[in-house]
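Working notes for the structure below.
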Amino acid sequence: MQTVLITGASTGIGYHGAVTLKAAGYRVFATARKPADVTALIAQGFESVQLDLSSTKSITAAVAHIVKLTDGKIDVLFNNGAYGQPGAVEDLPTDALRKQFEANVFGWHELTTQIIPLMRANGRGRIIQNSSVLGLVAMKYRGAYNASKFAIEGLTDTLRLELRDSPIKVSLIEPGPIVSQFRANALSAFQEHIDIENSVHAKDYQQQISRLAKKDVSNQFTLGPEAVTKALIHAIESNRPKVRYYVTFPTYLFALLKRILPFRVLDGILAKSG
């Protein structure tokens, strides 16, 4: 039985992946930041551990706990836990950007570096990073999140090269819009850290607030989390997992446009896409 560690497993992509893999016979450690979410996951039959990606102490404690329960056997790491901090770059407090990187980049890095020695010792491993279409292209008012995902892409590509001759395989999943709690969490971060009313972008921000506040599916290209789980399973089980998994039509489209269009033309399209 393979052991899978999933971050951000309380809702959305992480939760769907945890449910599916557990049903398929994997031993799943579904981690979450909030103690209440850990309690809820345990009540559903999961082996759940609190793991706050912005806390070194929390990451180290979670890994130690899982290592004790598995005798050091962690076969798959699915880095998924993240959030989006909206706001124009000029309105973005540096502390808010720092918090974005603590959760979306530094925490992933720290967890990954603690897991790699275990995978080396066991002679196998899969590291799967849930990036985003916004790790391929940038969009307005998503600068902090864009930057965090571009950073993850660069770290992951480098890690893959460095582990090329090891028994550890590394993949990126790059979803576009997926049904989740992402927008609700982003709206909270937006309202907490951005001075919306006094910004020169105040008018455009109202459109962003309306978009983030929607409870229904935002457009016809939005898919359910099962689309990401399908890629996740392939990355775990395939003898030759893909380097990148594009999920949703917008990811395929923007990846293509980035290759074939001049930068200024692409900028014009992206400026209208937010």
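Only the coordinates and a few stated rules stand behind these numbers; no lab work does. Source: prediction; values computed, not measured. Virtual Cβ from ideal backbone geometry, glycine too; neighbours counted across all protein chains shown.
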Hey, what's the per residue convex hull volume over the C-alpha atoms of the stretch 69-203, in cubic angstrom?
119 Å³
Low-density loop cleavage sites - chymotrypsin sites (Phe, Trp or Tyr not before Pro) in the stretch 70-170, where at most 11 other Cβ are within 10 Å (DSSP)
none
Here the tail fraction of P(r) beyond 24 Å, over all Cα-Cα pairs of the stretch 3-271, rounds in percent to 48 percent
Partner lysines whose C-alpha sits under 27 Å from that of K242, ignoring same-chain residues fewer than 8 away, are K22, K73, K149, K169, K230, K258
What number does the stretch 1-157 give for Rg over Rh if you use C-alpha atoms and the Kirkwood radius?
0.98
Pairing the Cα long axis of helix 12-23 with the longest principal axis of the chain, what angle in degrees results, from 0 to 90 and rounded to the nearest 10?
20 degrees
Where does the Debye-calculated log10 I(q)/I(0) of the stretch 168-234 sit at q = 0.13, 0.26, 0.29 Å⁻¹, using only Cα point scatterers of equal weight, no solvent?
-0.51, -1.13, -1.26
Could you tell me the center-to-center distance, by alpha carbons, between the stretch 107-179 and the stretch 234-258 in angstrom?
13 Å
Round to the nearest 10 and give me the degree value, 0 to 90, for the angle of helix 56-70's Cα axis relative to the longest principal axis of the chain.
30 degrees
Amide H neighbours of G87 at under 5 Å, excluding residues fewer than 5 places away on the same chain, with H built from the backbone geometry, are R142, G143
Would you mind getting me the FRET efficiency between D267 and Q181? Use the beta-carbon distance for r and R0 = 30 Å, nearest 0.05.
0.50
Listed residues V19, V89, V38; largest mean-square fluctuation, Gaussian network over the chain with Cα springs below 10 Å, found at V89
